Each structure stands twice: as structure tokens, then as C-alpha cells.
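Encoded as C-alpha cells, the structure appears first; notes follow it.
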Amino acid sequence: MTAVDTPPSANVGTTKLRKEDAHLVTGRTQWTDNLQLTGMLHVAVVRSPMAHARVTKVDVSGALEQPGVVAAFSGADLADHWAGGLPCAWPVTEDMQSPTHLPIATDEVRHVGDVVAVVVANSRYGAADATEFVDVEYEPLPAVVDMEAALADGSPLADTQLDTNRSFTWQKIDGDVDAAFDSAPHVVERRFINQRLIPTAIEPRAVVCAPPREHREYTMWSATQVPHILRLMLALTCGVPEHELRVIAPDVGGGFGSKLNVYAEEAICLVLAKRLGKPIKWTESRSEGYQATIHGRDQIQDVSLAFNEDHTIRGMKVELHADMGAYLQLVTPGIPILGAFMYNSIYKMDALSFTCHGVLTNKTPTDAYRGAGRPEATYAIERLMDEAANELGVEPFELRERNWIKHEEFPYTTIAGIEYDSGNYEAATAKAKELFDYDGLRAEQQRRRDDGDPVQLGIGISTFTEMCGLAPSRVLGSLSYGAGGWEHASVRMLPSGKVEVITGTSPHGQGHVTSWSQIAADALGIPFEDIEVRHGDTAVAHKGMDTYGSRSLVVGGYAVQVACDKVVAKAKRVAAHLLEAAEDDVEFDAGTFQVKGSPDANTTMQDVALAIFAAHDYPEDMEPSLDSDATVDPENFSYPHGTHLCATEVDTETGAVTIRSYVAVDDVGTVINPQIVEGQVHGGLAQGIAQALFEEAVYDAEGQLKTGSLLDYYVPGAPDLPHFTTDRTETPATTNPLGVKGVGEAGTIASTPAVINAVVDALRPMGVNDVLMPASPQNVWNAIQAASSASTTAASAADGGAA
Amino acid sequence: MIPATFDYVRAGSVDEAVDALKQHGDEAKLLAGGHSLLPLMKLRFAAPEVLIDLGRVEQLRGVCDLGDGRLAIGSMTRHIDVMDDPLVREHCGVLADVTAKVGDPQVRHRGTIGGALAHGDAASDLPAVLAALEGTLVAQGPNGTREIAASDFFVDYLTTSLEDDELVTEVRVPKIVGPWGWHYEKFTRVAQAWAIVGVLAMVKRSNGSIEEARVGLTNMATVPVRASGVEQALAGHSPDAIADAAANAADGTNPSSDLSASAEYREHLARVLTRRALEAAAR
Ligand SMILES: Cc1cc2nc3c(=O)[nH]c(=O)nc-3n(C[C@H](O)[C@H](O)[C@H](O)COP(=O)(O)OP(=O)(O)OC[C@H]3O[C@@H](n4cnc5c(N)ncnc54)[C@H](O)[C@@H]3O)c2cc1C
């Protein structure tokens, strides 16, 4: 089917090849690092090799003597240029402790990779070579690495300017938790570790900043997810008036949250452009990025569930230790807090207590990483449900079904106080079980157990939900977040009938240009090909809240729809005027305005656009324009859900785990473009499985990052991942006109517990009840060894008792 | 990420390379495929002042039959060309099979057999094959050429018995004659990665029993190791002896502990993988 065959009203719901791909796959991409500006200088950053130290001397004079070096600065040299430290927009408590975060440290460095000086040269290599001639003296301070030790009395401090490593303790209690637990017949309690991860977008970060030329403004190109937020925050941090700063996110190669931030290097490039009057470029190397770009996860989760005799849940307790790292970046403290709404997941209960200790350490800051707070919560609850099923002696699906919200119970206000508008867990689960051959695999599992097969089969379940569409602004306000969660779109009707859609979202791989074109094509009745979507440049898309938190379609796509509806409403008035009919008598369908009952009295959207451009004849009380703006603030989050099933083969001799099959049935509401949705699910699964089996950022006791490059940080490739069987159920969201729910993070959130549940399930007969993530061969083998030595000890204790 | 500055010399022949080595001494490094050297340079773990590129030395590429029961493989022969070479496939299939498990297609199209061996990396797959095959390397320096047995070539972690002014010109392996079977077990964290542990088993069968077994271990010490205890326990025995023999696979090894595996776990893996490799090779 070619695009031309598609009637203009039938774009939504069909797979359209992505408009973005031709230039991406033919190498015509405009990455920030591809930019070459006349007279451009290159910055190299001198970084702390120590996790924690006092900086006693920074002497850049040696670097200044190197060939091609134009300037070099210490933190002290540029201290007057910052109007403030790098921002944290989410002060979760009033007394939150936040280390001062200058773009270049002056007297204390707080993690390996912290910036101590910058060298500017006329080539990237020259700048890099000259960094070796910057003389920095450090007086080592004890490194704070372990979160729990950090909170113990007498612990060294991660920041000597503060008197505690506790950044905050945040609590939310719903229902009577004591009552739920006190007389509970069954309580299941576990500690889970959500290890630290490194986002690893394929395009490293890069920044170019040009000083004013014909306009009075600075222009910054950055590999960022958030050009609008960046503009505002940099204006505040660097004392450049907001209207004199234009930020452009050109093609951006992935982010996963790591580019949802305001980074030292962005502030540095702006200040250097100001100070030197030349365009400045910085591009991180992969190993530099591993130290200087935010990490994700890193939580210790103590969780327990109280059950009634009939296996219904009475309540849940959650106590988290969340590693903030050395600084609070843009939304660092808010990430674990988002989980507060998600630990109860799809289950009904009468009480939930959530306590989160945000802990400062001498490690790279953590912040949003694909899923941000929800994967951690989902992991804990879905692991815990499997553990509970095992302890209670029931089938894990049976326990889930006993407790989940039934489809007829929606809308449902959860114990955490948010309203799930829609969902159908029964339907998604039934479909997943069938695709998976659940009963067949259970039978095979039993056979292998009976045969003592060295390769055991495990089945893992994850019936998850999440909250997307960040976010209702008032809710964000109630959580002390520094901004709203609305989104903006505008539509420009061009005289020739073509359309420009301007969006405040900032895609970096998601395909918004295609999906937004589909929405606008249907809403306006204009061919898909006749629509251009512009984004990611504050001079073009002047208003926006950017892209993260699976919000773009749910909030930004919604804004596009509303903006288009406004165009149609105006055009209808013009059409009625031109057709000399009453507005109420004009119907709009698939791009045509038709006067009811007069087959010959009609006109098209394109003709109306031309007529209003000419403006010779239009209604008196109207401006001669069809263009529109829409800023929408969502009334609620959206709640995608689904059932994921994973079968793993675990080699009990070596500890090696292989995923044998994986089924993902997702309900993301109405689907705009099935292929894009499937792509998001695939990528999400890969990243969730990566956490389960492969990736971990490891620090040693001195705070050195041991997984400092892709040689030690195992990002899986296609050969490491199974074939994914994906399918959907479609329960439209009721809180936006498109019925969409968001899909960017679903795969990541759902898959990690599905995989680990499968690994544990395979090993359950050996006495294994948990495996540390990543479930690397070593970690799996350790779990088997520990279980077998525990059972030997138990057996010999039993022998002793009998003797 | 950005290597320190260096000078670049392109050698047109082995003699030119030797002259350049003589001239620059230990300040120079030979550049073959660059797949081990450049990663070290970009992290500035290595900062040679001069790179002597062997890429244009045609005489170092290709495979020939020495006529004495051995094949000679030019040191600059890329992994892909070793794997696909008809002589190698016919007479030394084990080398082709293990080479096919090195890295990924990009690595195999750039990396060379000479570079892989001269680098002396314990985690590299090829040293264990050469050890099991009892192959040799031909080195050429200002004082002429010498042939070095695999067992004498690997000295320590990233250290070989090659002199600073010598280069490897050839790798010599025996043609495999008789009813040999072989199998390489490569245990990795992700599909395209270095071995946590690798075990090459070669088994010569006669009349249902094992006449001779050779076991080469990758990454179980700073140099490739032959599991001689296992080999001896199998010689002249039936394949039923494999499980017991493999239990000795870690004897005499000295594996390291790192993020992927503790030494103890590596020893365990060596025993399991040796058993599996032997069973597959004896099949
Ligand atoms: C991503 C990646 C994955 C890899 N995975 C594997 C793997 O799974 N298994 C594996 O075995 N290998 C692996 N390798 C290494 C690969 O096989 C390399 O190509 C090989 O180790 C080195 O060969 P080279 O030709 O690239 O040598 P170079 O990197 O050019 O040189 C390596 C060293 O040998 C010296 N040298 C080179 N040629 C000679 C010569 N003729 N005489 C004397 N000294 C010489 C150089 O001076 C240098 O010190 C991997 C490499 C990469 C980058």
C-alpha cells in the first residue's frame, strides 16, 4: 500500500514508514558534532581522577604554552560568570540538602569526572593534548561510596560543606499500615537491589555555542532532549537574558533520560562563547561520558507485603535508599519519588507506606533513566508477588489475579491516590498466556525438573502498569516540582494547502515527525506528505516542555490534535461564509467542507487556506488566519499496562542464562503508528533485559568507576537478545481525545522483573530465592553456590539434631 | 579517547620494517590491524612515538604449504582470510573454527593473526590454539630470523619473548593428520566479547578410545595454558574417563579475578567447559 492510497482520514492506526529515516540511514544526519562554524574553537575538560578531594592548586599556565591553545581556565577563573550553580528543579522536601554544583569546581571535587579546568584550542586534538599540562593538586578526602554506611553516624561526608549525607527523607503514607501488618496472617519481606546503570545513548553528548552575530542572541546546539528547559535554566545559570539565548536540538541520537538535564559542559560552552567571542564546541568521548553524564537506578529496596488468609493483599511497606550521587542534577531527587505512586501497581490494597532516603555519595549523579522510578517500583512489586506466590504456595498468576483491579472496576482510585482511568489486565494476560504457550512451557519445566536436566527452564511473569504522560501541572506542583507538565503545539496553514505543525516536544529517535503528521493529516484532512513537523529549536518552537517520561504523544500529540481542531473550527466558519451557508449546516470530513443536503456546495481545506491567505472575502468578525496554537495541560497521567512473559534456560553448571522466548502484550491505548509502537517496545525490552542480565556500573571502595568503557560495561547487542513476540490489547485512555497512553518506557519497565522472575523460577528447586542483577553467569553461580551451601548447612544441622 | 601524538612510518617490506624498528627502538610500535593497539593508545595506556604500519607489506599476507607437514600463515593475514583459506580449512580446520569465534565481523576483517599473537593477551582466543597445536612463530630482526615455539613465545601478561627490534613474519602450524576431532568452548558475557574462559579440546580417537588429547585454556593465566593433567589422564583411555579427567582442568592455572568472574569461578568454568569441549571433540 503506498501512502497515496491512504485516504487522508485514515492515517492514525496505520504503519507509515518514518519520515525521519531516509536522512538518518543515509548519513545526512545533522548531529551536533557535525557542525563546523567559522573560527570555531574546541574545549577539552580536565576532570578529577579522584572521587573526593580538596583541590589545592589549579595551574593552567603549562597548557597555555601548548601549540594551538587559545585559553585555559580553572574554576576560580570563571567563578564570577555563574549566576548560580547548575539547577535542581525538584526540591522534594523543604530541608533537602543539595551540594553546590558549579560547572567547574573551585575547591572540592566530589566524583571522578568532576570538572576542574577547561582548555580551549583550535583543534579538538590540541585541546585534549594540552589538558595533560594543566597542573592540579589534590588533597584526597575519604570517598563515600556505600549508601547505608553513608547514613551511619560518623560517616565521612560526600560534601564537606554539608553536615550530612542524607539529602532528604520523603514519606507518603496511605491507609493504616500498622493495622495492615500487625495482625496479618502472612507477611512477605525482601530486599532487592536495583543496580546502577549507565544510559549509553548511541550519540554521545555534544555542544556547540556561537556568540551573537546578526542577532543579539547566543545560539546553542546541544544533543539534548530538552532545548526549552535548557534555554531557561542556562539563562538563569549563566546570567544571559532568556531572550538572548536560542537553543537548538538538531538530530539527537537517543537520550533515555541522560539528555534530560542541564550539564556543566553546556554552561561552560555558553560562558566561553561569551568570554572569547568565538563559537565553541565540546563533544564527549564515550569513557568521558561514562563519568560525566548522569547514571540511572541505584536503589536498595526493602519491601514487604501483608496478606490475608485468602491471599488478598492488606498492605505494603516500601523503604528505599536511593543513591543521588555527588550532586542533585535537574530531577535527581524526584526519580525515586515517582515510584511512590507505582509500588502498589495493578493491585488493590488498603495501606501503603513509602519512605525514600535520598543519599549523597561520591559517584556520578543519578537521574532519569528510561522509566525513571517506575522500573524500580515495578521490579520490586513484581518480584515480590512471585516470592509471595512461592511462600503462600499458589500459582503466581493466581495470586496476581486475586489482587488486581478488575476491568469493570475502572476508573479506579488506587491506594496511592491516583485514578487509573482504564485498563484490562485480564485481556492482556489471556493473550500473553496463549502466545507464550504457558501451559506447555510449565509442562516442559516439570519434565526438566524431574529429569534433573542441568539446563533448567524458568518462567517469569510481569503484569505491570506505569504512569505516563508527564504530567498534570497541578500534580507536579503538589510534588514540589519546579515547572508544569503542559505541552504546546501550533499549526500553520500555508497558502498552498500545505501545513506546518510546530511541536514543543523534542524527539530524539521516537518518530514524532511521522506520528504528528498522521494525527494532523487525519484531523485536517490533508495528505500525510503535505505536512511538515518542526521541533527542537526555541526560535521555531517557542514554547515547549520537551520529551521524556513517555509524555510526548500523550501530552504533545494531544496538543497537536487540539491545535488542528482549532484550525478546522476556523476553516469551517470561512467555508460556511464562502459557501453562503450557516455554519451549522456545514460538515467537515476528510478535508472537505460540505453543505448538508447540497451535494455541489463544498470546498476543501486547501481552498479555504488559499482564500484566507488572499483574504478578499472572509467573515467580518474573524482575523484572516487559520493558524492556531494550543497549550494543553493533561487532566491525569495515563496508565499503559500489559503482561510480559519470559522463559529462560539457566545452565545450572555455569550459571549462564539464555532467554528462550519472550512475549510482550502491551496495552498502550490507541495506537497511532503500529510499527513505531513495536519499535519502542523492542528497544524498551532490550534495555530492560540489559538491566536484568548484562549491565552494571561498578565503583570500587575508593569511588573509582570500574566499568569505565564499553569494554567492561556490557551493553547487549542483537545476538544477545531473543526474538520478541509482541502483541497488543487496546483499551483507549479516557483522559485525552486521542485515547493514547504512551509507549516509550513500557518495555523497559516490564521486562526486568519478567526476566529475573524467570531466572529465579528456574532455580527455585535448588533453593534459590533471589539472584542479584545483572544475572550474569557469576551472579547466578554465586546464588546457586549460596543456596547449596545453605542447604548443606541445614542438612548437617538436621543430622546433628538427630544424633 | 584521543591518542597522544605520534609519527607514522609506512613499511613497504619486512626489511624496511626491521630497519625502522632498529632505528626507533622501544619508542616504536608495529601497527597491524590496530584492533588491540589503538584502543590502548586512545586511552593513553600506550603512547608510542612512532607507529610502523605493516599494512602494505604484501609478503606478510597469505597462507602457504611448507611441504614439511606444516602450513605457514603470514603474520598480516587477517582473521577473515585465515578462516576462509582453503589450505587452513583442509589441513588445520581447528584454527579456522577458533578464528571464526574471534570478536565480530568487523574485528575479523581488521585484526591479524600476527597482531593477535604478538599482543600476548591472555583473553585472546588464538594463543591457546597455537599452544595446543604446538605451532611456532617466525621472528625477523636485524640479526636474521629465528623460529620460536608457542610455549616459549608467551611470557607474561601482554609480554612475549619477541625482542623490541623483531617482528613476527609467519605463524607455522602442523597439518592435522588422522582421526582428530576438536571443539572450542568460548564462554562470554555478551555474544561478541572476549572469553571469560575458553577451552580448546582436540581429541585423536582410535578404536573407540582416546589415543591423544590436547587441551588449551584461554584466560586461565597470564599466558595460554595446556591442561596437561587432563591430557595425560585421557591418553589411552575411553571417552568415559572425560568427566573425571576434566576435574583436573584448573590444576596449574592461575586465573585472575575481575568484574566478570572471580578466579574461583574461572576455575570452576574451566572444569565444566573442559568436560564439555572434550565430549564434543570426542564425538
Ligand atoms: C571489539 C573487539 C573485540 C575483540 N574480540 C576478540 C576476541 O573475542 N578474541 C580475540 O582473540 N581477539 C579479539 N579482539 C582482538 C583482535 O583479534 C585483534 O585484532 C588482535 O588482538 C590484534 O590484532 P591486530 O592485527 O589488530 O594487532 P594490532 O592491534 O595492530 O597490534 C597488537 C600488538 O601486536 C604488535 N604487533 C602487531 N603485528 C605484529 C607483528 N607482525 N610482529 C610483532 N608485533 C606485532 C603491535 O605492535 C601491538 O603491540 C577484539 C578486538 C576488538 C577491538
Report task. Please specify each residue of the range A:387-425 satisfying the condition of being more than 26 Å from the chain's Cα centre (by Cα) and among the acidic types (Asp, Glu). Result -> A:Glu387, A:Glu391, A:Glu395, A:Glu398, A:Glu401, A:Glu408, A:Glu409
Query raised in the report: Mind checking whether some residue in the range A:337-358 is among the aliphatic types (A, V, I, L, M), over 30 Å from A:Asn424 (Cα atoms) and either surrounded by 24 or more Cβ atoms within 10 Å (Cβ to Cβ) or out of contact with any Lys or Arg (no Cβ under 9 Å at 6 or more places or on another chain) (or both)?
Result: no
Query - Residue that is under 41 Å from the mean Cα position of the chain (by Cα), crowded, with 24+ Cβ neighbours inside 10 Å and either assigned to a helix (DSSP H, G or I) or among the basic types (Lys, Arg) (or both), where the choices are A:Gly684, A:Gly655 - result: A:Gly684
Report summary line: Expected output for the range A:755-779 (first residue under 16 Å from A:Ala647 (Cα atoms) and within 14 Å of chain B (Cβ to nearest Cβ), partner part of a helix (DSSP H, G or I) and not basic (Lys, Arg), Cβ below 8 Å, 6+ apart or cross-chain) is A:Ala775/A:Ala692; A:Ala775/A:Leu693; A:Ala775/A:Val755; A:Ala775/A:Ile756; A:Ala775/A:Val759
Report summary line: Cβ pairs under 6 Å, 6+ apart or interchain, first in the range A:709-722 and closer than 18 Å to A:Glu649 by Cα, second assigned to a loop (DSSP other than H, G, I, E, B) and within 11 Å of the ligand (Cβ to nearest atom), ordered by first then second residue, are A:Pro716/B:Val190; A:Pro719/B:Ala191; A:Asp720/B:Val190; A:Asp720/B:Ala191
Query raised in the report: Out of (1) away from chain A (no Cβ under 14 Å); (2) within 23 Å of B:Ile196 (Cα to Cα); (3) within 9 Å of the ligand (Cβ to nearest atom), the odd one out for B:Arg78 is which?
Result: (2)
**Report entry** Which listed residue, of B:Trp180, B:Trp194, is hydrophobic (A, V, I, L, M, F, W, C) and more than 14 Å from chain A (Cβ to nearest Cβ)
**Finding:** B:Trp180
Report summary line: If you go through B:Ala20, B:Ala4, B:Ala32, the only one that is under 30 Å from A:Gln66 (Cα atoms), within 14 Å of the ligand (Cβ to nearest atom) and among the small types (Gly, Ala, Ser) is B:Ala20
Report task. Answer yes or no as to whether B:Ala128 is among the aliphatic types (A, V, I, L, M), more than 8 Å from the ligand (Cβ to nearest atom), modelled with pLDDT under 95 and buried (at least 19 other Cβ atoms within 10 Å of the Cβ). Result -> no
Query raised in the report: Can you find even one residue in the range A:697-713 that is surrounded by fewer than 24 Cβ atoms within 10 Å (Cβ to Cβ), away from chain B (no Cβ under 14 Å) and among the polar types (S, T, N, Q)?
Result: no
Report task. Could you list all residues from the range A:608-622 that are of a type in the set (A, V, I, L, M, F, W, C), at negative phi and part of a loop (DSSP other than H, G, I, E, B)? Result -> A:Met622
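When you go through B:Ala122, B:Ala191, B:Ala139 one by one, which is the residue that is among the small types (Gly, Ala, Ser) and at pLDDT 95 or above?
Working: B:Ala122 fails: at pLDDT 95 or above; B:Ala191 fails: at pLDDT 95 or above.
After applying the criteria, what remains is B:Ala139.
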Query - Selected residue (criterion: farthest from A:Pro279 (Cα to Cα)) from residues of the range A:117-162 that are touching a His at 6+ places or on another chain (Cβ under 8 Å) and within 14 Å of chain B (Cβ to nearest Cβ) - result: A:Gly126
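Quick one: which of A:Thr414, A:Thr378, A:Thr429 is assigned by TED's automatic domain parsing to the domain that holds A:Val743, touching a helix residue (DSSP H, G or I) at 6+ places or on another chain (Cβ under 8 Å), within 30 Å of A:Ser478 (Cα to Cα) and of a type outside the set (A, V, I, L, M, F, W, C)? Let's see the steps before the verdict.
Details: A:Thr378 fails: assigned by TED's automatic domain parsing to the domain that holds A:Val743; A:Thr429 fails: within 30 Å of A:Ser478 (Cα to Cα).
Within the list A:Thr414, A:Thr378, A:Thr429, the selection yields A:Thr414.
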Report task. Only helices (runs of 4 or more DSSP H) wholly contained in the range A:1-102 count here; list those with 2 or more residues that are at pLDDT below 95 and not assigned by TED's automatic domain parsing to the domain that holds A:Glu702. Result -> A:21-25
Report task. Hey, can you tell me all the residues within the range B:230-278 that are surrounded by fewer than 17 Cβ atoms within 10 Å (Cβ to Cβ) and not in a loop (DSSP other than H, G, I, E, B)? Result -> B:Gln232, B:Asp240, B:Ala243, B:Asp244, B:Ala263, B:Glu264
Report task. Check whether at least one residue in the range B:167-184 is surrounded by fewer than 15 Cβ atoms within 10 Å (Cβ to Cβ) and of a type in the set (Gly, Ala, Ser), and report yes or no. Result -> yes
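Quick one: is A:Asp720 surrounded by fewer than 24 Cβ atoms within 10 Å (Cβ to Cβ), away from chain B (no Cβ under 14 Å) and over 30 Å from A:Val112 (Cα atoms)? Steps first, please.
Details: surrounded by fewer than 24 Cβ atoms within 10 Å (Cβ to Cβ): yes; away from chain B (no Cβ under 14 Å): no; over 30 Å from A:Val112 (Cα atoms): yes.
The answer is no for A:Asp720.
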Query raised in the report: Across the range A:525-563, what is the number of residues that are assigned to a loop (DSSP other than H, G, I, E, B) and of a type outside the set (Lys, Arg)?
Result: 17
Query - Single residue of the range A:462-495 satisfying the filter (among the small types (Gly, Ala, Ser) and over 21 Å from A:Leu232 (Cβ atoms)) that is surrounded by the fewest Cβ atoms within 10 Å (Cβ to Cβ) - result: A:Ser478
Query - Selection status of A:Arg400, crowded, with 20+ Cβ neighbours inside 10 Å and in a helix (DSSP H, G or I) - result: yes
Query raised in the report: Is it true that some residue in the range B:199-220 is assigned to a loop (DSSP other than H, G, I, E, B), farther than 17 Å from B:Ala122 by Cβ and over 23 Å from the mean Cα position of the chain (by Cα)?
Result: yes
Report task. Answer yes or no as to whether A:Arg191 is in contact (Cβ under 8 Å) with a residue 40 or more places away in the chain and more than 27 Å from A:Gly255 (Cβ to Cβ). Result -> yes
Query raised in the report: Can you pull out the helices (runs of 4 or more DSSP H) entirely within the range B:1-108 that have at least 1 residues that are surrounded by fewer than 15 Cβ atoms within 10 Å (Cβ to Cβ)?
Result: B:14-24, B:37-42, B:86-91, B:93-99
Report summary line: Within the range B:91-121, restricting to residues that are among the small types (Gly, Ala, Ser) and within 10 Å of the ligand (Cβ to nearest atom), the one that is nearest to the other protein chains (Cβ to nearest Cβ) is B:Gly103
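Given the options B:Leu133, B:Leu137, B:Leu167, B:Leu162, name the one that is outside the structural domain of B:Val199 (by TED's automatic domain parsing), touching a strand residue (DSSP E or B) at 6+ places or on another chain (Cβ under 8 Å) and away from the ligand (no atom under 15 Å from the Cβ).
On the way: B:Leu137 fails: away from the ligand (no atom under 15 Å from the Cβ); B:Leu167 fails: away from the ligand (no atom under 15 Å from the Cβ); B:Leu162 fails: away from the ligand (no atom under 15 Å from the Cβ).
From the options B:Leu133, B:Leu137, B:Leu167, B:Leu162, the qualifying one is B:Leu133.
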Report task. Filter the range B:201-219 down to residues that are out of contact with any Asp or Glu (no Cβ under 8 Å at 6 or more places or on another chain) and either within 13 Å of chain A (Cβ to nearest Cβ) or within 16 Å of the ligand (Cβ to nearest atom) (or both), then give me how many there are. Result -> 3
Query raised in the report: With respect to A:Pro732, is the statement that it is more than 9 Å from chain B (Cβ to nearest Cβ), in contact with a Phe, Trp or Tyr (Cβ under 6 Å, 6 or more places away or on another chain) and more than 22 Å from A:Tyr369 (Cβ to Cβ) true?
Result: no
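The values are calculated or read from the model by the stated rules, or taken from the named source; none is laboratory data. Because the structure is predicted, anything quoted here is derived from the model rather than measured. In this analysis, Cβ positions are derived from the backbone assuming ideal geometry, glycine residues included, and neighbour counts consider all displayed protein chains.
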